[in-house]
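A quick write-up on the structure given underneath.
Each reported figure results from applying straightforward, stated rules to the coordinates on display, with no laboratory input. These numbers come from a predicted model, not from an experiment. Note that we place each Cβ from the backbone using ideal geometry, even for glycine, and neighbour counts take in every protein chain shown.
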Ligand code: PHE
């Protein structure tokens, strides 16, 4: 057969090959473009072509070679993509694995709930920095240098001059609010605080507070008590709160708030230290000196303030008897808590 005829025939054959998978593609490669393939054979025939037709022969041969190679390459790419996933055992029709998403930390759940409860009665969130200066954390809060009450909260100092501290309470943010807002002021200051305390089942060197401040004309201690009762009722469904006279430099009079121990049902446990009551924070009427420090007319305005520990409230709410669990990030512990509406 005329070699030109043969090339034409091979071209037609290549065009009409139907290749369904990589196996038959490999057969195709061996048959046409392999080292012992048809195209190589035809190349070997070059010596039998008369000189004046060699050029033409080379051209058509090249064309058929390109045709075969292009067909092979296109299909190879296609099969590689689809078949490799099958090779790796991926079955796109299989149902998906449920991907486990994290849960909200119980302390965050309770903090958010606290915010929600106070927002319902008109408090709005105000936030301040965790790294504070002496003025906002102490001095403006009626706690001058060398005042013994500074020892009430063991402070982490950041600078040697002791002017920069990790805030020991979010009362510092309340000062910032009073410096920038005019009464009536009704805010809560949620946030992280730091104290150089020994870590135990009921204390940590870092914890969270939600503090509140209400300044207006004629605000009384009765308003404060009512607000705390409302909070306890919303949070625990019980108003079992007691106020104990106490001292804070920034409030006068001052009280500590206890809530009945829901962990042991007041029978006595490690968290309530056998007393049946757990302290959840402090409160009182804002000392007029604090108002003066923030340029608020202390003749005209009075106010109450309170500060609560979120971890303590979380322990009571969920009957958790060791605060250190909050820091361990053990998902078996964390996944037990579901967000409330
Ligand atoms: N700042 C106090 C504390 O962290 C709590 C408190 C706030 C007490 C407001 C009275 C009024 O212990």
Going by C-beta contacts inside 10 Å, put 105, 169, 204 in order with the fewest on the left. 105, 204, 169
Roughly how many Å is it from the Cα centre of the range 157-176 to that of the range 248-304, as a whole number? 20
Least to most buried among 257, 315, by other C-beta atoms within 10 Å and fewest first, runs 257, 315
Residue 21 versus residue 300: modelled label distance in nm, points set 7 Å from Cα along the beta carbon direction: 8.9
Provide the FRET efficiency to the nearest 0.05 for the residue 275-residue 159 pair, computing r from the beta carbons and using R0 = 25 Å. 0.05
Using helices alone, I'd like the mean residue ellipticity at 222 nm for the chain: each DSSP H run of four-plus residues gives -39500 (n - 2.57), total over residue count, nearest 500. -12000 deg cm²/dmol
Work out the FRET efficiency for residue 100 and residue 130 from their Cβ-Cβ distance, taking R0 = 41 Å, and round it to the nearest 0.05. 0.85
Between residue 265 and residue 216, what is the FRET efficiency for a Förster distance of 41 Å, r being their Cβ-Cβ separation, to the nearest 0.05? 0.60
Label point distance in nm, residue 329-residue 66, each placed 7 Å from Cα along Cα→Cβ: 6.0
Fewest to most Cβ atoms within 10 Å: 324, 167, 111 sort as 324, 111, 167
Can you tell me, using C-alpha contacts under 8 Å and at least 6 residues apart, the relative contact order of the chain as a whole percent? 15
Rg/Rh over Cα atoms for the chain, Kirkwood Rh, comes to 1.51
With the Cα gyration tensor of the range 3-84 in hand, convert its eigenvalues to equivalent ellipsoid semi-axes via √(5λ) and list them largest first in whole Å. 28, 11, 10
Roughly speaking, what is the stretch gain from residue 197 to residue 5, that is 0.36 nm per residue apart minus the C-alpha to C-alpha distance, in nm to one decimal? 59.5 nm
With an 8 Å cut-off on Cα pairs and a minimum separation of 6 or more residues, tell me the relative contact order of the range 67-180 in percent. 23
